[in-house]
Structure formats: C-alpha cells, structure tokens
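Quick notes on the structure that follows.
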Amino acid sequence: MKKLYFLSVLIAFSLISNGCSLKAIALNSVGDALSGGGTVYTSDNDPDLVKESLPFALKLYESVLDGVPEHKGLVLSTAKAFTMYAYAFLQMEADTIDKQDYEKAKFLRARAFKLYLRGRDYALKGLELNHPGFNELLRKDLKAALALTNKEDVALLYWAGSSWVAALTTDKGNLQMVSESTLGAALVGRVLELDETFDDGSAHDFFISWEGGRSEAMGGSEKRAREHFAKAITINKGKKVSTYLSLAAIAQGKQDLKEFKELLAEALAIDTDKYPENRLSNIIFQRRAQFMLDNINDFFLIEEKEEN
C-alpha cells in the first residue's frame, strides 16, 4: 500500500508539465493520494523516521494545495499534519529538554506555536469551504456558527479547536490566545454533540485536559475531567496511551503520586503493535510516559522516597 501511495504521487507530478488541464487533473490526483495516505504515518513504528520525513510532507501538502486550494480532503490532512508535528516533535521535545537547554526549548515552543496556528487556519479554511461565511460568523455569533456544522465537519472542528487551544499551551502569556481559547474549546465541544466517538473519543481526551487544567474559578472542573476520562476509556477501550497521560497530568497537579504512577503504568502496558492504527502516537506517548517516570521528582514537590 505504501508503494502504491507514493507511486501515485510520483506519476501525478510527472504529468504537471504537460499543460494546464493535465496539471489540474494531476494536482487533484496528488491531493487525493495525499489526503488518503494518513496510515502511512500513523501506523509507523519509528517516530524518529517520521520526524525526519514530515517536514518534506508538510511542504508537499502546501505546494499541492497552492494548485488545488479547494481540495477538502487535503485541507483536512494538512491541518492534521501540522498540528501533530507541532505537538509530537516540537512541543514534546521542548518539554523534555526544558531543564537542560531552556533557550532551545523556548525556540521549539515558538515554532510549535506558529505551526499550531497554521494547522488551525487550514482546518478553519475547510470549515469555510463547507459553510461560506463560517469564520466571520464564528467571531460574531459562536452559537450560530456552530449551528451551521454537521457530522461531516467533525474532523475539521476537532483539529481547528484542538490546535487553537494547543497554541496557547506554548505561549501562556499571550492574552489574545487566552481570550480565544474558549472558541477553540467550543469547536471541540461541538464534536461531542455531533459524534463523541470520533477518533476513538479524542474530543473527550481534549476535555480531560481542558477541564482539569483550569481552576474552578476559571471554569474548570476535576469532576467533569474524570467523567470525560471514563467516557474516553469506554469509547477507545483503553487502547490510547494519551488518555492515561491526560489524567496523569491532573494527578500531578494534585500531587497524587500513587495515582500518577498507576496511570503511567497502565499507559506503558499498552501493546503498541496490537493497535496499528494508533501505533505511532502510542509509541510517542509511551516515550513521554517513560520520561515522566524517569524524572518523577521533577513533577512532584516532595521527592519520591526510595523503597527499601
């Protein structure tokens, strides 16, 4: 399948120089191939290989979109790819090197911020293609804008909202992003209304962090966060490492070492080969879980006592 996917891309590009009509056909062909090739990455078992290849893929996506700007499938794939790259290969690396190289971590977060917003803008572009006037209405009348959307918009809503809020986590002092974060959360909230099972309950994963990461004074709720965790586990049947890490962040915030370690143990116990559709993300999040365990005293004010 991988060979056929890349072969179709190469054949399509070979046609581009043969005239305008053939160029349009070729670019649409490439767009179809790229937007349908997600499992090439998501099922990979080598995050480092994906990290090295994704920058080329991202520019390829944008180059093709420049020729077929209304290719809805490619718009969605591009939004998703930019968001995933920013999180998995920039922000997560920044988190792991913060103490050793603060300046590099700062640089990586700045890059992640820009790529999150690029991913958000592509997803919003997709929503605009589906519902002309959506983006203007979104900022004027959020409720009316969301009412325009339907089940076909679920993926775009999720990636637009999650990338919007993720950008805030890389620049928490950005007051504009703080004020706009509720718009991002509302987009993901619409996913719950339309199809809470989307992507194995990813919207519930989002709200574990959204509810648990804010104080009650700011509208957060640990109780609601745990309810989202329970729903996410019911939907994905415990096969996503990220779900456990989202709740582990709440345990860390409460300084509950016992629950923190239990959740990370459950995350590390998941067999990444058993769920090939989630293999790449599970491996990446298991690396994060292991880092958290190996550096557990960085996450807790009271150092863990060595067992006799």
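Here are some notes:
- The value of relative contact order for the range 196-308, using C-alpha pairs under 8 Å at least six residues apart, is 20 percent.
- Peptides 127-139, 204-216 ordered by average Cβ neighbours within 10 Å, highest first: 204-216, 127-139
- Per residue, the convex hull spanned by the Cα atoms of the range 196-308 amounts to 105 cubic angstrom.
- Note, ³J(HN,Hα) from phi for the range 233-243, Karplus 6.51, -1.76, 1.60, rounded to Hz, x at Gly and Pro: 5, 4, 6, 8, 6, x, 9, 10, 4, 4, 4
- Rounded to whole Å, sorted largest first: equivalent-ellipsoid semi-axes of the range 126-221, Cα gyration tensor: 21, 17, 11
- Peptide packing for 43-53, 156-166, 237-247, 74-84 was compared via the average number of neighbouring C-beta atoms within 10 Å per residue; ordered from the highest value, the list is 156-166, 74-84, 237-247, 43-53.
- Segment LYS140-GLU262, length gained on full extension (0.36 nm per residue, minus Cα span): 39.5 nm
- Karplus-derived HN-Hα couplings along the range 259-270 (A = 6.51, B = -1.76, C = 1.60, θ = phi - 60°), whole Hz, x at Gly and Pro: 5, 3, 5, 5, 5, 5, 5, 5, 5, 6, 7, 5
- Computed over neighbours whose Cβ is under 15 Å from that of LYS151, the net charge equals -4, Lys and Arg +1, Asp and Glu -1.
- Near ARG139: Cβ cut-off under 13 Å, other residues only, Lys/Arg at +1 and Asp/Glu at -1. The net charge is -2.
- You can think of it this way: the chain between ASP66 and HIS131 has 21.3 nm of extra reach, that is 0.36 nm per residue less the Cα-Cα gap.
Each value in this text was obtained by applying a stated rule to the coordinates, not by laboratory testing. These numbers were taken from a predicted model, which means no experiment stands behind them. A quick note on method: Cβ atoms are made from the backbone with ideal geometry, for glycine too, and the neighbour counts reach across all protein chains shown.
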